[in-house]
Structure formats: structure tokens, C-alpha cells
1. List every residue pair whose Cβ atoms sit under 9 Å apart, with the two residues 6 or more apart in sequence or on different chains, where the first one lies in segment 134-152 and is in a strand (DSSP E or B) and of a type in the set (Asp, Glu) and the second, anywhere, is crowded, with 20+ Cβ neighbours inside 10 Å and modelled with pLDDT of 90 or more.
2. Taking residue 148 and the conditions (1) open to solvent by 10 Å² or more (accessible area, probe 1.4 Å); (2) touching a Lys or Arg at 6+ places or on another chain (Cβ under 7 Å), which numbered condition does it fall short on, given that it satisfies the others?
3. Name the single residue that is surrounded by the fewest Cβ atoms within 10 Å (Cβ to Cβ) among those in segment 170-209 being of a type in the set (Asp, Glu) and over 26 Å from residue 121 (Cα atoms).
4. Take residue 193 and decide whether it is of a type outside the set (Ser, Thr, Tyr) and outside any loop (DSSP other than H, G, I, E, B).
5. Would you confirm whether or not segment 123-139 contains a residue that is open to solvent by less than 10 Å² (accessible area, probe 1.4 Å), modelled with pLDDT under 90, of a type outside the set (S, T, N, Q) and over 27 Å from residue 94 (Cα atoms)?
6. (1) loosely packed, with under 15 Cβ neighbours inside 10 Å; (2) more than 19 Å from residue 177 (Cβ to Cβ); (3) modelled with pLDDT under 95: which one isn't true of residue 63, the others all being true?
Amino acid sequence: MTDPAALQRSRRRRAGAGVAVVAAVLLGGALVGVPGLGGDTAESADTSAGEASAAAADGKPVAATPSALAAIALEVVGSRPSDFAPVEDEELGDGTVAAELRFGRAGGDPGDLLAVGVAPGRGVARLRCDAPAVTCRSKRSEAGLLTLAWRTAARGADPGSVAVLLQREGEYAIALSTGPEITGDPRDLALDVPVADLVAIVSDSRFGLRTTSDAVEAGAGLASP
């Protein structure tokens, strides 16, 4: 049986995540690593293949907003967040659109984090796949080059993290979760946000720097007080 006190201590360690997590992932900080979708790590893969982001089925593509990306992610995970916040930090780089969602926040418990974002340029090289406790794997998909990365939990510190990055031509999309301790390959763990959901989020054709008006409208409802 899980010790409730130990579980609470573990969850409290997540409180410092938030924007720092997103920044570390998008900028290649030492915080993140992602393991295997199968196949070897791709250190310098050809990323010219893949779909252009957000071919709007409902009309002309429009600029993505943090809340639009969050709304797309919530369609996949099927949960209502405790908190939503756009990530507006100059350290993320020009043109980046990102958001963070918290689940199960209550009292002093910060809950679990799902951070999502899209940025121009190449992202695979920014993942710290050579950092301690980090594993990365890449696999070509119809949507582009997928990279799964995870960083295992450190005793007495943070619970680790799992991220999936999709490299398209000209931009990359990323979804990252923290919460339950990552003790090994996340595909073998019972996570609140499984790897398959992270893959589905970044692979959605609307999840890009250009998206659909419907996604923006859905996000506007999420962002309302």
C-alpha cells in the first residue's frame, strides 16, 4: 500500500516545475531527456520530411495561441485541468507558443503538470540526450521525426519527466508531463498521461504555429475566467 505521507512529499517536489520545465525542454536545459519510440537515438536526423503544421480543414490557417494548443491537448487527455496558464517568457525564444496545464492541484499540492508548446526551427538537438539519467529515441512517422525522451526520478528531488518532440519542416512541437515518478521506460509505466497521449498531442495536424479557427475558439473558452 502506498504511504500517503510519502506520496504527498513526492507531489510537493513538483511545485518548482512550471515554466522552468517548459523553458528547459524548449531550450535544451539539463532538465529533460526522452527515451524510445523504438530505434536508435538520432543525433542528426534529416527532418525535411513530414507534414506541414496545421493544414486547416475548416478554413484558412490562423496563428496558434497558447490556449488553442492547450485545448487540443485536453481533447486527447480527456481531463479537466485545475489550472491553465500561457507561458510567456522571453527565454523561450521568438515565435514560441506554449502553455502549461495542472491537474489535481489542491491546497499545497501543485498537482501534475502537462506542458505543451510549438517553436520555430529544429528541436531534436536541443534535447539533452547526453545528460545523466536521460534516455532518447527517435522514430520517423508520417507526421515527422518523433523523439521520445525521459529523465528518471532523482531520490529526494524531482520525480523525473517524459516528453515527446515532433520535428516538422521549419518547426517542432513538444508535449511534456511530470507527476508520477519515472522509474524506467515510461511506455511500461501506468502514467496519468501515457506516452501514446503525448504522441497524439504533437502529431495532431492542428498542433502547430498555424492552427484552425475552431481550435482558437475552443482555447478562448479555456482562457476565460
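The values are calculated or read from the model by the stated rules, or taken from the named source; none is laboratory data. Computed from a prediction, not measured in an experiment: that's the story for all the values here. A quick note on method: Cβ atoms are made from the backbone with ideal geometry, for glycine too, and the neighbour counts reach across all protein chains shown. Only protein heavy atoms, including side chains, enter the accessible area calculation; ligands, DNA and RNA are left aside. Shrake-Rupley method; radii C 1.70, N 1.55, O 1.52, S 1.80 Å.
1. Every condition considered, no pair remains.
2. Evaluating residue 148 over (1) open to solvent by 10 Å² or more (accessible area, probe 1.4 Å); (2) touching a Lys or Arg at 6+ places or on another chain (Cβ under 7 Å) leaves (1) as the failure.
3. Filtering first and then ranking leaves 188.
4. no
5. No, there is no match, as no residue in segment 123-139 is open to solvent by less than 10 Å² (accessible area, probe 1.4 Å), modelled with pLDDT under 90, of a type outside the set (S, T, N, Q) and over 27 Å from residue 94 (Cα atoms).
6. (3)
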